[in-house]
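Colleague: Shown below is the structure under consideration.
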């Protein structure tokens, strides 16, 4: 490159053969008779002496070094100024910035401009031409009812229907409204027995309900751009539908029902943020997965049921359900994790899910109504670690594999609280529970060993455990008063102590075959006792309890008659003094 520049400068400064740049170079001094002799001589004298030495002009040229010759930089100043025209890439309009970046490519400037925006003309229902979106509107005013194949063909070019669009009982196999962007009213596609595919690749809004129902041959539905449905969304009873594209749906303003689609294998709504009514996924027998990771709120009920092959459900973002929460009869569902679920407006029912192993509701802090978990035979773990209060029923029932109930923050149970028929459960501890307003009943847990209610001081409801044959510990160390029943029956308890109890409306110890010691040292009032059929419990211990509150024997029977005296506590009741036997007479 540098050699080319030097040669160019030589020609520029000195010409090609003499002082005048207009005279062509002389290759041979006598070869051109048309050149005057004096000019030829002058050129000869200028270029060299007779002995071959270089003239002054040649010497000057030899003194110029490559570093002294100025190199032209094509990118200085930056020639890439002023945005080029927008252009098209398919249906995409690309707009550029005002100043680009320059690159020197073999001595020439090459410009690259930054992309500042892109517009997809397809989103607008148009196409790109000469760097602009061209939108051609073809609007139908009124309700459009399509009942024949000809009706459908004549309507394919509409870009918008102001009223309702109804496609019912047609003989068409493919429904492709490739230009339709909006339906102002309802969209109904129902009872089309020959229909196999539905494609609405530009449809974004439906102003009322969207019903896609009872299309017996329908296999695929493409509603991918659809963002908003202002009324109920029903996709029901399409028995061979395997594909449902709703990836763009953000808002379902009313009820959403996906039901009876027996071939549907997955339901993916990654953009759905809210549902304005009940959200129901029901009776889709081939459905393996549900994915609604962005769903944050449901105004009505949330029901997932009777989906016989459902394995997983992703509702990680779900925070609020105003109605009932129901998950039942999904025999292959393995886990239910709702880490963001903090507001439950009504009941929570989770039952009859044969493979369900874990339930996590750790964001839930308060529940005004009921939480009921039952008949999930594989469930091993339930955790609602931050749940403080339950206003209705709290039930764990017929959970054969349950070993872990995580309710460490629970302080208040207003309604009935049941833990029963959980044969694998070994321990039941509620370390923060201070209030039981109605009842805590623990029953028929065959391997349960301990029940510890360490924080309860005053109870207005029953605190009872019965038919837990392995229980050896029933502890209420701080319980002072109860306006109802406190007690245990049909257990393996050896020692029963209520160290702080002063007042009990009904005190129970019954059918505890290993019980030998029963103490209530602070007791001042018992409304009615039921201390019966404890075959190792000395009757005199029972009498001592009754006498301390001024009661005579009542509802007290079947215990060991008399007293049993042992040297070491806790088996030392108040025994009568015994006189030594006299020495035998010799």
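Colleague: Look through 381, 450, 412 and report the one residue that is closer than 30 Å to residue 286 by Cα and in contact with a strand residue (DSSP E or B) (Cβ under 8 Å, 6 or more places away or on another chain).
Modeller: Checking each option against the conditions leaves just 381.
The rows are residues; the columns are (1) in contact (Cβ under 8 Å) with a residue 24 or more places away in the chain; (2) in contact with a helix residue (DSSP H, G or I) (Cβ under 8 Å, 6 or more places away or on another chain).
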| site | (1), (2) |
| --- | --- |
| 152 | no, no |
| 158 | no, no |
| 171 | no, yes |
| 187 | yes, no |
| 190 | yes, no |
| 209 | yes, no |
| 241 | yes, no |
| 251 | yes, no |
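Colleague: So which residues in region 558-586 are at pLDDT 55 or above and in contact with a helix residue (DSSP H, G or I) (Cβ under 9 Å, 6 or more places away or on another chain), if there are any at all?
Modeller: Matches in region 558-586: 559, 560, 561, 562, 563, 564.
Colleague: Also: Residues in region 172-191: is at least one out of contact with any strand residue (DSSP E or B) (no Cβ under 9 Å at 6 or more places or on another chain) and loosely packed, with under 15 Cβ neighbours inside 10 Å?
Modeller: Within region 172-191 (the criterion being out of contact with any strand residue (DSSP E or B) (no Cβ under 9 Å at 6 or more places or on another chain) and loosely packed, with under 15 Cβ neighbours inside 10 Å), the answer is no, since none of the residues qualifies.
Okay, residues lined up against (1) outside the structural domain of residue 520 (by TED's automatic domain parsing); (2) part of a loop (DSSP other than H, G, I, E, B); (3) within 39 Å of the chain's Cα centre (by Cα); (4) over 16 Å from residue 500 (Cα atoms):
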position	(1), (2), (3), (4)
419	yes, no, yes, yes
424	yes, yes, yes, yes
431	yes, yes, yes, yes
440	yes, no, yes, yes
446	yes, yes, yes, yes
465	yes, no, yes, yes
474	yes, no, no, no
478	yes, yes, no, no
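Colleague: For region 415-432, name all the residues that are more than 24 Å from residue 401 (Cβ to Cβ) and either buried (at least 19 other Cβ atoms within 10 Å of the Cβ) or modelled with pLDDT under 95 (or both).
Modeller: Hit for region 415-432 is 415, nothing else.
Okay, residues lined up against (1) in a loop (DSSP other than H, G, I, E, B); (2) under 39 Å from the mean Cα position of the chain (by Cα); (3) at negative phi:
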residue: 153; (1), (2), (3): no, no, yes
residue: 175; (1), (2), (3): no, yes, yes
residue: 185; (1), (2), (3): yes, yes, yes
residue: 189; (1), (2), (3): no, yes, yes
residue: 198; (1), (2), (3): no, yes, yes
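Colleague: Does any residue of region 493-507 turn out to be touching a residue at least 24 places away in the same chain (Cβ under 8 Å), closer than 27 Å to residue 414 by Cβ and in a strand (DSSP E or B)?
Modeller: Within region 493-507 (the criterion being touching a residue at least 24 places away in the same chain (Cβ under 8 Å), closer than 27 Å to residue 414 by Cβ and in a strand (DSSP E or B)), the answer is yes, since at least one residue qualifies.
Colleague: Step by step: first the residues of region 125-161, then only those that are closer than 23 Å to residue 248 by Cα and surrounded by 17 or more Cβ atoms within 10 Å (Cβ to Cβ), then the one that is modelled with the lowest pLDDT. Which residue is that?
Modeller: Checking each candidate, the answer is 125.
Colleague: Same structure, new question: Hey, among the residues in region 275-298 that are under 13 Å from the mean Cα position of the chain (by Cα) and outside any loop (DSSP other than H, G, I, E, B), which one's surrounded by the most Cβ atoms within 10 Å (Cβ to Cβ)?
Modeller: Checked region 275-298; the qualifying residue surrounded by the most Cβ atoms within 10 Å (Cβ to Cβ) is 290.
Colleague: In region 307-336, which residues are farther than 23 Å from residue 264 by Cβ and not in a loop (DSSP other than H, G, I, E, B)?
Modeller: 320, 321
Colleague: Here's something else I'd like to know. If you scan region 260-274, which residues turn out to be more than 12 Å from the chain's Cα centre (by Cα) and surrounded by 20 or more Cβ atoms within 10 Å (Cβ to Cβ)?
Modeller: Scanning region 260-274 gives 261, 264, 267.
Colleague: Residues to consider are 497, 542; find the one that is surrounded by 13 or more Cβ atoms within 10 Å (Cβ to Cβ), modelled with pLDDT under 95 and out of contact with any helix residue (DSSP H, G or I) (no Cβ under 9 Å at 6 or more places or on another chain).
Modeller: One residue alone meets the criteria, 542.
Colleague: Checking the condition within 27 Å of the chain's Cα centre (by Cα), surrounded by 20 or more Cβ atoms within 10 Å (Cβ to Cβ) and more than 26 Å from residue 310 (Cα to Cα), which residue from 233, 203 passes? Quick ask: steps written out before the conclusion?
Modeller: Values: 233 fails: more than 26 Å from residue 310 (Cα to Cα).
It is 203.
The values are calculated or read from the model by the stated rules, or taken from the named source; none is laboratory data. All figures in this text were calculated on a predicted structure; none of them were measured in a lab. FYI the Cβ positions are ideal-geometry reconstructions off the backbone, even for glycines, and counts take in every protein chain you see.
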